[in-house]
Amino acid sequence: MTIRRYKKGVHYLFVDGYNIMNQFSNLKSLMELDLEQAREKTMDMMAEFASSTGEYVILVFDGYLVKKSPGSNFMHKGIEVVFTKEFVTADHYIERELDKIGRLRDVRVATSDNIEQQMILSRGGIRLSARELEAEIVNERLKTKRHQRMLKQEKLNSMGDNLEILKKLREDYGER
């Protein structure tokens, strides 16, 4: 596993992957069909969210029951994805990382586990339930779509202005 250095001024969001997947209805039903595909969709969704919010997202998947799992971490479209070692829960991993960070950093943790939420608050983090995270994701998507529509409209307006300028030039100088 890579040793991460936490920096001041960076907004961190830890996400308990399986906990969140079990709370989001679209991911929960996909999990029952294909766990790997559900994880991929979760990673993509969190990567999109991170690029929209600017938060450094660390998505943690529980390797607790995976026999002889050495654990791993890697980058996926700008977010860090962690699979914990055998016998290490995502909750325990996040707790250890919060201890390393201390109270000097802006840290949020997304989980619906009540005990984990209390621990997060006691260590100076900000807890975020699965429902709150889902609402934030939906809001960010809506904001992005509104921004895209605005840019498209600006481009169309600009094209219309250019067309008017060309028509005016044609009238002023006549067709040759």
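Summary table below
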{"quantity": "Qualifying residue in the range 130-143 (condition: in contact with a Lys or Arg (Cβ under 6 Å, 6 or more places away or on another chain), surrounded by 11 or more Cβ atoms within 10 Å (Cβ to Cβ) and β-branched (Val, Ile, Thr))", "calculated": "no"}
{"quantity": "Residue among Leu98, Leu59, Leu121 that is under 11 Å from Asp16 (Cβ atoms) and of a type in the set (A, V, I, L, M)", "calculated": "Leu59"}
{"quantity": "Residue match in the range 121-133 (condition: aliphatic (A, V, I, L, M), in contact (Cβ under 8 Å) with a residue 60 or more places away in the chain and touching a helix residue (DSSP H, G or I) at 6+ places or on another chain (Cβ under 6 Å))", "calculated": "yes"}
{"quantity": "Residue that is surrounded by the most Cβ atoms within 10 Å (Cβ to Cβ) [pool: residues in the range 49-67 that are closer than 27 Å to Lys145 by Cβ and free of Cβ contacts under 8 Å to residues at least 60 places away in the same chain]", "calculated": "Leu59"}
{"quantity": "Any hit, the range 98-115, residues being open to solvent by 70 Å² or more (accessible area, probe 1.4 Å) and modelled with pLDDT of 85 or more", "calculated": "no"}
{"quantity": "Scan of the range 45-104 for residues that are under 22 Å from the mean Cα position of the chain (by Cα) and assigned to a loop (DSSP other than H, G, I, E, B), ordered by number", "calculated": "Gly54, Glu55, Asp62, Gly63, Gly71, Lys77, Gly78, Thr84, Thr89"}
{"quantity": "Candidate set: the range 1-29, residues that are open to solvent by 60 Å² or more (accessible area, probe 1.4 Å) and under 20 Å from Gly71 (Cα atoms); chosen: the one modelled with the highest pLDDT", "calculated": "Arg5"}
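The values are calculated or read from the model by the stated rules, or taken from the named source; none is laboratory data. Quick caveat, the model's predicted, so the values are computed rather than measured. As a convention, Cβ positions derive from the backbone with ideal geometry for all residues, glycine included, and neighbour counts pool all protein chains shown. Areas reflect the complete protein model, heavy atoms only, side chains present, ligands, DNA and RNA absent. Shrake-Rupley method; radii C 1.70, N 1.55, O 1.52, S 1.80 Å.
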